[in-house]
């Protein structure tokens, strides 16, 4: 297939592009970092993530477009300016891609756009599926507006899938890299009470799920990309300690997390127990369904 990927040099996108190339797909990457892309990709297009340009022609005749563009959630404290950048980076990029799809002479038949389980807000002990309603809070608002832009491509005849990612675990990025840092210095702690649910997913399964969705044409709408066995934050941290053979000393009270991180603390304090109902229902088999073997595959290479 001919596939266009926005955000194709990032934490998920870079690995996805290599997987697509191994499948003998023709891949075009839309990136702001042309220098980084040119070092390891056969074809790339510079774009600004907001407006149409020469990159728009890349979508003409493509089979699928995969949208992974967006400002990182965990890089900076959520000031008002940073929250605006987080929101705008997702909405503007998705809108630009949908407009490019509309302008293509031969439109792509599939549009896969990233989202997150933050859509559900802080759900406490409740289990949620793709059929559950959106929750409250900044991340829920971001995800709802992000998805709304993506679903506009349905009016153009596209099959639209929004992939609601859980906490993606891999050593070289994401929230796990930040959690690992204190453990490596024998200062591991549990954020908050430790009772909050964490819906995690190994990056291998993020890539596997996207490849599966590309080929499983019956899948559409929101899809929860999470492992089938969520864990509580305390279990996540103590499992990290076990794999690394490091201590996990104590819990950090939620008030201190909020003092240190502000509203961004909701990433580790809010809990979501999310079920991958659609993926399991359509026969996807997870490579890493349980936490301990997943972390061992990452940290004991």
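The set of residues in the stretch 189-204 being over 21 Å from residue 228 (Cβ atoms) and in contact (Cβ under 8 Å) with a residue 60 or more places away in the chain consists of 189, 190, 191, 192, 193. Checking every residue in the stretch 254-272 against the condition of being in contact (Cβ under 8 Å) with a residue 12 or more places away in the chain, buried (at least 21 other Cβ atoms within 10 Å of the Cβ), more than 20 Å from residue 82 (Cα to Cα) and under 17 Å from the mean Cα position of the chain (by Cα) gives at least one match. Residues in the stretch 260-274 that are part of a loop (DSSP other than H, G, I, E, B) and touching a strand residue (DSSP E or B) at 6+ places or on another chain (Cβ under 8 Å): 2 in all. Kindly establish whether residue 158 is within 13 Å of the chain's Cα centre (by Cα), more than 30 Å from residue 244 (Cβ to Cβ) and buried (at least 17 other Cβ atoms within 10 Å of the Cβ). No: the conditions fail for residue 158.
Being over 18 Å from the mean Cα position of the chain (by Cα), closer than 30 Å to residue 297 by Cβ and in a helix (DSSP H, G or I) is a description that does not apply to residue 139.
Just checking, does the stretch 222-229 include any residue being out of contact with any helix residue (DSSP H, G or I) (no Cβ under 8 Å at 6 or more places or on another chain) and either farther than 25 Å from residue 78 by Cα or buried (at least 18 other Cβ atoms within 10 Å of the Cβ) (or both)? No: the stretch 222-229 contains no residue that is out of contact with any helix residue (DSSP H, G or I) (no Cβ under 8 Å at 6 or more places or on another chain) and either farther than 25 Å from residue 78 by Cα or buried (at least 18 other Cβ atoms within 10 Å of the Cβ) (or both).
Taken together, the criteria place residue 169 among residues that are at pLDDT below 95 and surrounded by 23 or more Cβ atoms within 10 Å (Cβ to Cβ). For the stretch 275-301, the set of residues classified as in contact with a helix residue (DSSP H, G or I) (Cβ under 9 Å, 6 or more places away or on another chain), more than 16 Å from residue 226 (Cβ to Cβ) and in a loop (DSSP other than H, G, I, E, B) consists of 283, 300, listed by residue number.
The single condition among (1) closer than 18 Å to residue 7 by Cβ; (2) free of Cβ contacts under 8 Å to residues at least 60 places away in the same chain; (3) out of contact with any strand residue (DSSP E or B) (no Cβ under 9 Å at 6 or more places or on another chain) that residue 102 does not satisfy is (1).
Considering only residues in the stretch 125-147 that are surrounded by fewer than 18 Cβ atoms within 10 Å (Cβ to Cβ) and touching a strand residue (DSSP E or B) at 6+ places or on another chain (Cβ under 8 Å), the one that is farthest from residue 221 (Cα to Cα) turns out to be 125.
Tell me which helices (runs of 4 or more DSSP H) are completely within the stretch 1-106 and hold 2 or more residues being crowded, with 22+ Cβ neighbours inside 10 Å, or say none if there are none.
Helices (runs of 4 or more DSSP H) meeting the threshold: 13-22, 80-103.
Consider residue 293 carefully, then state whether it is over 22 Å from residue 66 (Cα atoms), free of Cβ contacts under 8 Å to residues at least 40 places away in the same chain and surrounded by fewer than 17 Cβ atoms within 10 Å (Cβ to Cβ). When the stated conditions are applied, residue 293 passes them.
Within the stretch 109-128, no residue that is at positive phi sits with its Cβ atom under 6 Å from a residue that is buried (at least 24 other Cβ atoms within 10 Å of the Cβ) at 6+ positions apart or across chains.
For the stretch 207-231, the set of residues classified as in contact with a strand residue (DSSP E or B) (Cβ under 6 Å, 6 or more places away or on another chain) and closer than 22 Å to residue 267 by Cβ consists of 209, 222, 223, 224, 225, 226, 227, 230, 231, listed by residue number.
The values are calculated or read from the model by the stated rules, or taken from the named source; none is laboratory data. Predicted model, so just to flag it, every value in this text is computed and none were measured. Reconstructed Cβ throughout: ideal geometry from the backbone, glycine too, with neighbour counts over all protein chains shown.
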